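Okay, so here's the structure we're looking at.
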Amino acid sequence: MIRLVRFCGAVAAAVVLSALIIAAAPKMPLLAGYDFSTAFYDRNGKLLRLELTEDDKYRLRVKLQDIPEDVRRSLLLYEDWWFYYHPGVNPWRMLEAAANMAVGGRKQGASTITMQVARIVYRIDSSTPWGKIKQILRALQLELMYSKDEILEAYFNLAPYGGNIEGIGAAALIYFGIDAKNLNLLQSIMLTVVPQNPTSRSLSTEKGIKEAEKAAQRLKEKWLEVYPQTDKEILCLPLKPMKNLPFAVPHLIQRLKNRLQGNVVTTIDINLQKKLQDLVREYVAGNRHKGLYNAAAMIVDVKSGEVLASVGSADFFAADIQGQVDGTRALRSPGSVLKPFIYGLALEQGIIHPLSMLEDVPRNYGLYTPENFDHAFYGLINATEALINSRNVPAVDLLKKLKPGSFYQMLRAAEIPELKPEEFYGLALALGGAEVTMENLAGLYVMLGNGGEFIRPKYVAGERTFRQRLLSREAAYLVLKMLRQNPPPDEEVLPYQTKNKRQSIAWKTGTSYGFRDAWTAGVAGNYAIIVWVGNFDGTGNHHFVGRTAAAPLFFNIVRQADVWVGFSTDTEEADNLNIRQVDICQNTGELAAGGCPQTVLGDFIPGVTSIKMSHILRQIPVNVKTGLRACRHKPPQTKLEWFEFWPSEVKKTLAAAGINFKEPPAFEENCSFENTSSGRAPKIIFPAAGSIIISRMQKGRQEEVPLRASADADVKKIYWFVNQRLVGETQPDETLTAELKIGINKIKAVDNLGREQEISVRVKSEI
């Protein structure tokens with residue numbers, strides 16, 4: 001016994017001396033060199049995935065302040081009650097253990113928390129005498145170099161908890177599905193006993209749980225001795241360890257894990273994600289007989305740009321469909337799903353209004369001759385119908401009329417990757433010539449739903465939101481209004497639409513060349529929903545048509561999403577925008593004249609929209625007896641009648657389509673066409689022609705000027721144009737306020753019979 005005491009004293013002296021020498025070594029962070037896992041959570045804090053470290057461990061970094069007091073108390077009570085008082089080793093406990101062994105008692109551990117950290121950090125085999133001495137020396141070194149809290153934090157991050165689980169952060173997440181900071185007392189006690197024997201006490205097996213419960217029972221008794229005020233019922237609650245780690249949103253996490261570490265809160269709603277994944281999988285399974293093997297889909301909040309659900313393929317683990325390819329990021333031809341943005345720019349630039357008549361006739365643009373999907377032509381079709389029926393020729397014609405480069409620049413601003421120079425695409429850009437990703441389309445449709453402001457889709461909560469205006473609020477509103485008139489693809493949707501009129505759906509389909517990709521994209525409530533159907537190997541299939549292949553899945557998602565998350569009714573109204581309505585002649589898409597057989601109210605943007613009095617419908621004198629067109633109006637020999645004057649190429653296409661219209665009769669002999677309008681043209685009273693208006697507005701602002709005109713007795717309305725743009729309508733002698741730019745302005749008053757007066761005024765800035 002005396003020899004043992006002397007030996008221990010000699011060892012202690014050597015230990016102290018060695019520790020002083022070692023203490024002079026450079027201080028490195030205790031956790032330096034350790035790789036930590038990344039944990040991904042959904043927007044509500046539910047675990048999506050816990051990634052392995054490079055050395056195949058589950059090890060999650062946790063700060064000491066995030067570890068509950070009960071966890072710390074349990075550890076000290078079980079492993080090292082004198083932790084905050086000893087210098088790294090506890091001599092009394094070592095002597096007690098040695099004495100107990102010397103008299104043949106039970107083997108008893110004497111390692112302090114510091115010694116356990118030393119063994120882990122320095123990878124010491126402490127089963128041999130010299131290994132134990134080395135462990136003691138390193139423990140003393142740690143105490144000299146680091147604070148008690150630093151050592152305790154290292155223990156909680158490195159202690160073994162069974163299998164490849166290290167650290168209490170990973171253990172809490174894997175065994176109980178919660179963060180370490182949310183551990184209750186019972187869970188704390190259970191986890192405390194595992195590191196002492198991690199192999200036999202692992203909570204991943206039934207046997208391990210039973211062994212851990214035996215050890216935990218002794219700790220519970222000890223706990224109640226020290227903390228008798230504890231509610232005993234807490235310690236008797238049933239323990240429900242988690243069976244399997246979740247493996248959710250695999251495509252997205254594959255993408256995020258390379259740039260993020262630690263605890264990552266995503267924008268994903270796991271409940272919505274699971275349901276979307278189920279819908280995609282079920283839809284593909286039900287259509288495999290058509291050769292439809294894959295699909296992808298996204299749901300994005302249009303107000304924040306946050307991605308709530310993202311499904312990259314029908315089955316991540318299916319090698320036969322290349323399931324691990326992320327369909328939300330694959331570059332694909334968009335077909336016609338980009339057409340709404342051409343129309344949006346045309347609305348913004350004043351080229352059209354929703355009821356403008358567009359020519360759907362054969363066109364030849366040099367070497368480029370676009371065709372419609374059905375290889376037919378309508379002759380004339382209004383802009384709304386042309387958009388929702390996906391007519392190719394009108395879209396190409398509009399792209400040609402846009403300001404040079406404006407559509408291409410919109411695509412660049414929307415971050416479409418790998419765009420070639422604009423000249424490479426030419427007018428084919430209108431029909432899906434440039435490849436885009438589903439994520440790109442999500443950003444563009446979010447822009448429509450967000451009043452023309454583009455938001456880059458977000459996947460991580462708290463990240464900076466990138467915003468950029470790509471379209472005016474008015475143009476975005478009108479495009480959505482046009483797309484809401486797109487009828488649903490099947491009767492099953494009709495009752496839903498009728499019941500949910502407040503949630504009318506703005507949507508558009510697209511089909512790529514060669515039937516390789518079928519798309520449907522749209523805005524429902526506050527959500528942009530994008531669907532793609534196809535095969536990742538690019539195999540074409542005549543079933544891959546947007547309306548029949550992608551739209552049914554799109555509407556399945558819409559119907560279910562309204563149940564899952566509900567649709568907000570907080571949509572922008574036209575009353576808050578610079579949008580007005582005017583009588584439009586349904587046949588011509590122009591301002592209604594007296595001979596228009598049917599008028600409808602149409603939207604326009606005052607001061608922007610270029611809209612004319614109808615020159616298609618004209619009133620001409622007809623000889624009462626012969627029915628021929630008279631040279632001039634001479635009542636009662638002649639009467640005035642309305643006829644349609646269509647351009648020759650439109651007239652030819654209308655005739656080929658079997659559409660009848662009232663053509664003007666032939667002229668009488670020796671008669672040339674003269675203006676048949678009778679009566680007096682409007683007379684602009686204010687401002688006076690040639691006048692100079694002094695503006696006191698700040699630079700960049702426009703001067704508001706009242707407009708007033710008198711008119712003949714038969715005039716019902718006067719339409720006002722400023723610089724060829726319709727700004728509004730009045731009755732004779734009523735006043736309309738319009739904005740005039742600095743410089744020369746041309747003001748035109750046109751009555752509902754087509755008579756007009758135009759004047760020029762100059763606005764001069766005084767500032």
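Quick notes
- Single residue of the stretch 303-326 satisfying the filter (charged (D, E, K, R) and either surrounded by fewer than 20 Cβ atoms within 10 Å (Cβ to Cβ) or in contact with a strand residue (DSSP E or B) (Cβ under 7 Å, 6 or more places away or on another chain) (or both)) that is nearest to residue 267 (Cα to Cα): 306
- Hits in the stretch 38-60 (condition: in a loop (DSSP other than H, G, I, E, B) and under 26 Å from residue 216 (Cβ atoms)): 57, 60
- Residue satisfying all of: in the stretch 481-508; open to solvent by 30 Å² or more (accessible area, probe 1.4 Å) and in a loop (DSSP other than H, G, I, E, B); modelled with the lowest pLDDT among these: 492
- Looking across 209, 253, 234, 189, one residue alone is within 30 Å of residue 301 (Cβ to Cβ) and in a helix (DSSP H, G or I). It is 253.
- Some residue of the stretch 288-299 being at pLDDT below 95, touching an Asp or Glu at 6+ places or on another chain (Cβ under 9 Å) and assigned to a loop (DSSP other than H, G, I, E, B): yes
- Some residue of the stretch 260-270 being part of a helix (DSSP H, G or I), open to solvent by less than 30 Å² (accessible area, probe 1.4 Å) and within 26 Å of residue 555 (Cα to Cα): yes
- Selection within the stretch 319-373 - over 18 Å from residue 386 (Cα atoms) and acidic (Asp, Glu): 320, 326
- Selected residue (only one of 346, 309 is over 30 Å from residue 378 (Cα atoms) and either in a loop (DSSP other than H, G, I, E, B) or small (Gly, Ala, Ser) (or both)): 309
- Residue within the stretch 596-607 that is more than 30 Å from residue 289 (Cβ to Cβ), of a type in the set (A, V, I, L, M), in a loop (DSSP other than H, G, I, E, B) and modelled with pLDDT of 90 or more present: yes
A quick yes/no check of all residues on (1) part of a loop (DSSP other than H, G, I, E, B); (2) modelled with pLDDT under 85; (3) basic (Lys, Arg); (4) surrounded by 14 or more Cβ atoms within 10 Å (Cβ to Cβ):
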position: 677; (1), (2), (3), (4): yes, yes, no, yes
position: 680; (1), (2), (3), (4): yes, yes, yes, yes
position: 709; (1), (2), (3), (4): no, no, no, yes
position: 714; (1), (2), (3), (4): yes, yes, no, no
position: 720; (1), (2), (3), (4): no, no, no, yes
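- Residue in the stretch 711-719 that is hydroxyl-bearing (Ser, Thr, Tyr), in contact with a Ser or Thr (Cβ under 7 Å, 6 or more places away or on another chain) and in contact (Cβ under 8 Å) with a residue 60 or more places away in the chain present: no
This table checks each residue for (1) within 22 Å of the chain's Cα centre (by Cα); (2) within 22 Å of residue 455 (Cα to Cα); (3) of a type outside the set (Phe, Trp, Tyr).
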{"site": "215", "(1), (2), (3)": "no, no, yes"}
{"site": "218", "(1), (2), (3)": "no, no, yes"}
{"site": "223", "(1), (2), (3)": "no, no, no"}
{"site": "228", "(1), (2), (3)": "no, no, yes"}
{"site": "232", "(1), (2), (3)": "no, no, yes"}
{"site": "251", "(1), (2), (3)": "yes, yes, yes"}
{"site": "268", "(1), (2), (3)": "yes, yes, yes"}
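- Among the residues of the stretch 386-418, those that are touching a residue at least 12 places away in the same chain (Cβ under 8 Å), among the charged types (D, E, K, R) and either in a helix (DSSP H, G or I) or surrounded by fewer than 19 Cβ atoms within 10 Å (Cβ to Cβ) (or both) comprise 397, 400, 401, 403, 415, 418.
- Just one of (1) under 22 Å from residue 81 (Cβ atoms); (2) open to solvent by 10 Å² or more (accessible area, probe 1.4 Å) fails for residue 179. It is (1).
- Residue that is farthest from residue 313 (Cα to Cα) [pool: residues in the stretch 538-572 that are modelled with pLDDT under 70 and open to solvent by 30 Å² or more (accessible area, probe 1.4 Å)]: 572
- Exclusive hit being open to solvent by less than 10 Å² (accessible area, probe 1.4 Å) and either without any contact (Cβ under 8 Å) to a residue 12 or more places away in the chain or in a loop (DSSP other than H, G, I, E, B) (or both), set 444, 471, 478: 471
- Residue match in the stretch 292-302 (condition: open to solvent by 10 Å² or more (accessible area, probe 1.4 Å) and over 25 Å from residue 397 (Cβ atoms)): yes
- Checking the stretch 229-244 against the condition returns no match, with no residue being closer than 14 Å to residue 78 by Cα, surrounded by 11 or more Cβ atoms within 10 Å (Cβ to Cβ) and of a type outside the set (D, E, K, R).
- Subset of the stretch 421-439 (residues that are assigned to a helix (DSSP H, G or I) and either closer than 13 Å to residue 336 by Cβ or open to solvent by 10 Å² or more (accessible area, probe 1.4 Å) (or both)): 422, 423, 424, 425, 426, 427, 428, 429, 430, 431, 439
- None of 656, 688 is surrounded by fewer than 15 Cβ atoms within 10 Å (Cβ to Cβ), of a type in the set (A, V, I, L, M, F, W, C) and at pLDDT below 65 except 656.
- On inspection, residue 704 fails the criterion of being closer than 28 Å to residue 380 by Cβ, outside any loop (DSSP other than H, G, I, E, B) and modelled with pLDDT of 75 or more.
The values are calculated or read from the model by the stated rules, or taken from the named source; none is laboratory data. In this text, all values refer to a predicted model and were calculated from it rather than measured experimentally. FYI the Cβ positions are ideal-geometry reconstructions off the backbone, even for glycines, and counts take in every protein chain you see. Remember, those area values only see protein heavy atoms, side chains included, never the ligands or the DNA or RNA. Shrake-Rupley method; radii C 1.70, N 1.55, O 1.52, S 1.80 Å.
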